[in-house]
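The values are calculated or read from the model by the stated rules, or taken from the named source; none is laboratory data. It should be emphasised that the depicted structure is a prediction, and the values quoted were computed from it without experimental measurement. Methodologically, a virtual Cβ is constructed for each residue, glycine included, from the backbone with ideal geometry; neighbour enumeration extends over all protein chains shown.
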Amino acid sequence: MSYEKKNKLHIIASCALIRNEEGKYLVVKRSKNESVGPGLYTIPGGKTEGNDTVEETLKKEVLEETGLVLMPGKILLVDKSFVRPDGQTAKVLSFLCQAKNTENVKLSEDFTEYKWITFEELRNLPHIGLEPEFLKAKEIFDSGIRVGKMFSKSIKIK
């Protein structure tokens with residue numbers, strides 16, 4: 001069976017769930033002008049462009065949106081699929097990531113505020129459906145395994 005590209009284009013986005021030293025996670029509030037999830041809390045991330053790897057996308061988007069520098073590696077928490085208000089399909093890959101320094105968050109104009117929260121605090125915030133990411137991260141940390149050994153790196157084939 002031959003492959004047909006027709007009607008198979010979609011957005012691939014990579015998002016970072018970042019945990020600080022206190023065991024809390026970074027969420028950012030989208031501005032009211034955003035087309036997807038205006039005014040809702042989410043985690044930093046964005047669309048993959050060109051031949052960027054997932055890790056390159058994560059590093060670039062997190063730096064642009066929060067000023068935080070990610071450390072190498074990531075753990076896939078969940079993948080999601082949805083249709084945007086403009087009809088475009090989107091595939092979102094959410095990863096557990098580590099930042100070099102979590103103290104100096106500097107938001108881009110796409111966001112109005114940020115918070116470091118626990119899973120319990122997430123329940124009291126209007127958000128874009130982050131429960132699966134938080135639950136998987138909790139499962140990973142509650143397991144007692146050494147998380148650092150689980151981080152994978154992207155490879156770009158030239």
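Inclusion of ILE155 among residues that are β-branched (Val, Ile, Thr), out of contact with any Lys or Arg (no Cβ under 9 Å at 6 or more places or on another chain) and either part of a loop (DSSP other than H, G, I, E, B) or exposed (fewer than 14 other Cβ atoms within 10 Å of the Cβ) (or both) is warranted. In the stretch 93-133, which residue that is in a loop (DSSP other than H, G, I, E, B) and of a type in the set (S, T, N, Q) is surrounded by the most Cβ atoms within 10 Å (Cβ to Cβ)? The extreme case among them is GLN98.
Residues that are out of contact with any Phe, Trp or Tyr (no Cβ under 7 Å at 6 or more places or on another chain), surrounded by 15 or more Cβ atoms within 10 Å (Cβ to Cβ) and under 19 Å from LYS156 (Cβ atoms) do occur in the stretch 1-23. Please go through the stretch 51-63 and give me each residue that is of a type in the set (D, E, K, R) and either crowded, with 22+ Cβ neighbours inside 10 Å or under 13 Å from the mean Cα position of the chain (by Cα) (or both), ordered by number. Once the filter is applied, which keeps residues that are of a type in the set (D, E, K, R) and either crowded, with 22+ Cβ neighbours inside 10 Å or under 13 Å from the mean Cα position of the chain (by Cα) (or both), the stretch 51-63 yields GLU55, GLU56, LYS59, LYS60, GLU61. Of the candidates THR66, THR42, THR48, the single residue that is hydroxyl-bearing (Ser, Thr, Tyr), under 19 Å from PHE82 (Cα atoms), crowded, with 18+ Cβ neighbours inside 10 Å and modelled with pLDDT of 95 or more is THR42.
Are any of the residues in the stretch 1-24 aromatic (Phe, Trp, Tyr) and over 15 Å from the mean Cα position of the chain (by Cα)? Checked the stretch 1-24: at least one residue is aromatic (Phe, Trp, Tyr) and over 15 Å from the mean Cα position of the chain (by Cα).
Evaluated against (1) in contact with a Gly (Cβ under 6 Å, 6 or more places away or on another chain); (2) surrounded by fewer than 21 Cβ atoms within 10 Å (Cβ to Cβ); (3) assigned to a helix (DSSP H, G or I), LYS32 falls short on exactly one condition, (3).
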